Amino acid sequence: MKSELAEMPMVDQQAGRNHNDRPESVPVPHALVPHLHETAILLDIDGTLLDLMPTPREVWVPPGLSETLSRLTERTSGALAMVSGRSLNDIDLIFAPEVFRAVAGHGAEMRLSVGNEADAVNAPPMDKELKRRLAAVAKLSPGILLEDKGYSLALHYRLAPHAEKAIYEAVSLIRADLPNAPIEVLPGKFVCEIKHSGFTKATGVRELMKHEPFRGRRPIFIGDDVTDETVFAIMPDMNGLSFSVGRRAIGVNGHFDAPSDVRAFLARLLDDTRLE
């Protein structure tokens, strides 16, 4: 993070945002999280907890991170959740053998208990014919990787950055041909994702915060991508705080430079005995 010992600028007590709306560095843990038992920790995965890789399957969990997350889950009495575009199945594969509560599939799935596969499914699977047409876009260029998440379809082009314009043009043509299709296009970091409209990470987080052990706690959300902006926007409604990673997103309370800084910050939450 920018300065681990830096104090935050004045924060609006009502909105939970900086007066000048420009995110600054993240303060020392105790200044940010007075008591873990009153806090809910909500974390995006790719680009936030884990470093981005050329393909989604290449991401890996650095040594010590799973233990940090498990201990924070215990210290918050279970109020730690992943908030990801990945499916629950993907999340479990990445962090195996650990299992975490989660809002998955951009809000399409939710798990409130680590013993459950899914507690809520908020969207039907994408239409097969629509998915077939969108999948054909991957044939535009070698290096475009297709990821079928069930509720959404992602076209990754980190290995083919030159294909970005062609991908979005092709997707736009499909949408124009099917104007009534209930879909939404999500631009991301070298990825174009198409999902059902009507649910987002924000709708998932709002639902999550209605349930134990999250109910009544102050949420802290950390994310990096465009799809996380819906959650950034609702944090003031919940007296929560939000932090961006790798960029100074508008309206957040601070930022981290890289996922490694997020991991270090989470580890420091455990080391600060004042948070008991």
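The values are calculated or read from the model by the stated rules, or taken from the named source; none is laboratory data. Since we're looking at a predicted model, the values are computed, not measured. Heavy atoms of the whole protein, side chains included, go into the accessibility calculation; ligands, DNA and RNA do not. Shrake-Rupley method; radii C 1.70, N 1.55, O 1.52, S 1.80 Å.
When only alpha carbons are used to place a centre, the range 179-236 and the range 32-68 end up 17 Å from one another.
Ligands, DNA and RNA excluded, the heavy atoms of T68 present near 20 Å² of accessible surface to a 1.4 Å solvent probe. Once the convex hull of all Cα atoms in the range 30-123 is built, its volume per residue stands at 108 Å³. Would you work out if the range 95-149 is rounded, prolate or oblate? Take a ≥ b ≥ c from the square roots of the eigenvalues of the alpha-carbon gyration tensor; rounded if a/c is under 1.5, else prolate when a/b is larger than b/c, oblate otherwise. Judged from the Cα gyration tensor, the range 95-149 comes out oblate (a/c at least 1.5, b/c at or above a/b).
Per residue, the convex hull spanned by the Cα atoms of the range 106-197 measures out at 101 cubic angstrom.
Each eigenvalue of the Cα gyration tensor of the range 127-174, multiplied by 5 and square-rooted, gives one semi-axis; in descending order these are 17, 12, 8 Å. Each Cα pair under 8 Å and six or more residues apart adds its sequence gap; the mean of these over the residue count of the range 172-229 is a relative contact order of 30 percent.
Past 24 Å, Cα to Cα, is the threshold; run K165/K201; K131/K210; K131/K189 against it and keep the listed order. Exceeds cut-off: K165/K201; K131/K210.
The accessible area of R263, taken with all protein chains in place and a 1.4 Å probe, comes to roughly 50 Å².
Overall, the accessible surface of the range 74-126 at a probe of 1.4 angstrom is composed of carbon and sulfur to the extent of 49 percent. Look at the Cα gyration tensor of the range 172-260: its axes a ≥ b ≥ c give a/c of at least 1.5 with a/b at or below b/c, and that counts as oblate.
Of the accessible area of the range 212-271, with the probe set at 1.4 angstrom, what percent is carbon plus sulfur? Heavy-atom surface of the range 212-271 belonging to carbon and sulfur, 1.4 Å probe: 49 percent. Ranking of L173, L146 by solvent-accessible surface, largest first: L173, L146 (1.4 Å probe, protein heavy atoms only, all chains present).
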